[in-house]
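A short reminder: the numbers here are calculations on the coordinates, not readings from a lab. Owing to the predicted nature of the structure, the values given are computational and were not obtained by experimental measurement. Neighbour counts are summed over all protein chains in view; Cβ atoms, including those assigned to glycine, are modelled from backbone coordinates with ideal geometry.
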Amino acid sequence: MVPTSPHNTTLAGKVTRNERIEPRAQFPRHRHVGDALVFVIEGALSDECGTITAGNMGYRPQGCIHTLSTTHGRPRCASSLAARSRRRSAAMRRHRRSWRSTSCHGWREGRACGRRKLIWEDAAGERVAFLARFEPGTTLPRHRHMGDELMFVIDGAAADESGVVATGNMNYRPNGRVHTVTTQQGATVLAVVWGRMELV
């Protein structure tokens, strides 16, 4: 896997990468020592559980053993890997489906503003992954993160007090961060959120 973004991030307990994989790549059989979420931006990735196509998300739990491959194109993916945990949660054991199509759920109006589409959730671990669309000129009210947030911008650009995150880039907002998010031209993003948010 070849990283394509300078915004790869390593933080306490998590690693996130934006990667491009060569056509016909075959990765050795391996075991995950933490659970992983992968969103395929272009192309497709396959393993013993099936194929994850562009626009869909795959989940691999802690302890998963598989061989990863790609046949066509040059797949791009944004991945988030959780740290090794001492025991697998009951929620993880219940995840029998290894991938989730973004067409499984419809778009819904968000609680603050914008539209959201849920694509993965671990209620017991207070983790959620969703797609969000914001119209040009949108401003998300000032809020505090009660857990970490990783956001990959699929289209458009989003900004807060720390700067602008443009198309194809990923950012990290830590537990306790207070900020206001704006988008002048609109944006479509993939967000992986730990914990909840509260307005301040």
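Points to keep in mind about this one:
- Cα-projected label distance for Glu22 with Ala54, points at 7 Å along beta-carbon direction, nm: 2.2 nm
- Among Leu140, Leu37, sorting on how many other beta-carbon atoms sit within 10 Å of each Cβ, with the fewest leading, yields Leu140, Leu37.
- Rg/Rh (Cα only; Kirkwood hydrodynamic radius) as it applies to the stretch 108-199: 0.92
- Calculated FRET value between His66 and Val164, using beta carbons and R₀ = 25 Å, to 0.05: 0.10
- The calculated FRET efficiency for Gln184 paired with Glu126, based on their beta-carbon distance and R0 = 22 Å, is about 0.10.
- Full extension of the segment from Arg196 to Arg144, taken as 0.36 nm per residue of separation minus the current Cα-Cα distance, would add 17.9 nm.
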